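The values are calculated or read from the model by the stated rules, or taken from the named source; none is laboratory data. Since we're looking at a predicted model, the values are computed, not measured. Don't worry about glycine lacking a Cβ; one is built from the backbone with ideal geometry, like all the others, and counts go over all protein chains shown. For the accessible areas, the whole protein counts, side chains as well, though only heavy atoms, and no ligand, DNA or RNA atoms are used. Shrake-Rupley method; radii C 1.70, N 1.55, O 1.52, S 1.80 Å.
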Amino acid sequence: MDLIYRPRRLRGNDVLRKMVREVRVDKSSLIYPMFVREGDNIKEEIPSMPGQYRYSVDCMEEKLAELYGAGVRAVMLFGIPEDKDEMGSGAYAEDGIVQKAFEKARQVCPDLYLIGDVCMCEYTSHGHCGVLCGQEVDNDRTLELLAKTALSQVQAGADMVAPSDMMDGRVAAIRRALDGNGYVNVPIMSYAVKFASSFYGPFREAAGSAPAFGSRKSYQMDYHNRREAWREALLDVEEGADIVMVKPAMAYGDLIREVKERVNVPVAAYSVSGEYAMVKAAAQAGFVNEEQIMCEMAVSAYRAGADIYISYFAQELAKCMDAGLIG
Ligand code: PBG
């Protein structure tokens, strides 16, 4: 056969395959999301997320050390309070659960990079991501509380804040609050392109944060939309976001790519709880190979354009990178 081009030539040998690899991944870009709750001596497994736990503050240390040892250098903390109220006051309380967790993590694992998820839904009795006015989430009143929440997390030891509420103008409001208190160098990673997604189901079970009525569709994005994703990302960059995120990851590779091409800040992709739960369930049923699927999903996000990958599999991914399964 007189063939000039034979793409298979570059696939014939493992050394060569790795040499010509287009996307390379690195442990330094991984972020692990972790749940912390009130109480003592608690490490309870989240039923829909086998292998993931809610930790009381006194039980965080072992996990943090394990992550650090595996080469995962950044953790994003989610707080689960004992009591919730209309105003989500636990989100910005000085002795709130996540604030206590930051203090502890800072103390026991000082080199770990700590990120705070900034939102109201784990702390409000109605489960919405802001304060209500009737049945509606009041955007502008919520901004004040989000800014307070972000500031309190930074004061407790967070290195970076990540607003996930999807209120308009929250990046600017948080930037103002941080700058006004001297935290000009604390970065904001905005959940800029966050869809109203059923992939968050297991997270809401883990955090007890499902909305008591209605849905999050009046603030999180409609998944039919592409150009709106660019708009959200660009608006957040204009407001001062240092990093923008696309979430979920797996079903949104197109938008990771398109956002990447339109912004000049790093792009993060969040592989959410439902993605993790599906892989775990399918693997436990013996239908897929967990490790291979997890690696393939991660690389696909990087290939789509993610600079940062947030995943409940972060520690396992770090191990796969060490073993040369991906890299
Ligand atoms: C808080 C928040 C959610 C997630 C991250 N931050 C839940 C939601 O928006 O309902 C989801 C993460 C996941 O599913 O892993 N607003």
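Things worth noting here:
- Pairs, first farther than 23 Å from I308 by Cα and polar (S, T, N, Q) in the range 191-210, second within 8 Å of the ligand (Cβ to nearest atom) and open to solvent by 20 Å² or more (accessible area, probe 1.4 Å), C-beta under 7 Å, six or more apart: none
- Residue match in the range 137-145 (condition: of a type in the set (V, I, T) and within 14 Å of the ligand (Cβ to nearest atom)): yes
- Selection from the range 76-101 of residues that are away from the ligand (no atom under 14 Å from the Cβ), open to solvent by less than 20 Å² (accessible area, probe 1.4 Å) and aliphatic (A, V, I, L, M): I97, A101
- Within the range 27-66, restricting attention to residues that are of a type in the set (S, T, N, Q) and not in a strand (DSSP E or B), the residue that is most open to solvent (accessible area, probe 1.4 Å) is N41.
- C109 vs. criteria crowded, with 21+ Cβ neighbours inside 10 Å, of a type outside the set (D, E) and within 26 Å of I46 (Cα to Cα): no
- Flag if A177 is within 16 Å of the ligand (Cβ to nearest atom) and either free of Cβ contacts under 8 Å to residues at least 40 places away in the same chain or in contact with a Phe, Trp or Tyr (Cβ under 9 Å, 6 or more places away or on another chain) (or both): no
- For first residues located in the range 219-237 and closer than 19 Å to I188 by Cα, partners that are open to solvent by 70 Å² or more (accessible area, probe 1.4 Å) and not charged (D, E, K, R) and lie 6+ apart or on another chain with Cβ distances below 8 Å form the pairs V237/N264.
- Test for M120: is it in a loop (DSSP other than H, G, I, E, B) and at pLDDT 95 or above: yes
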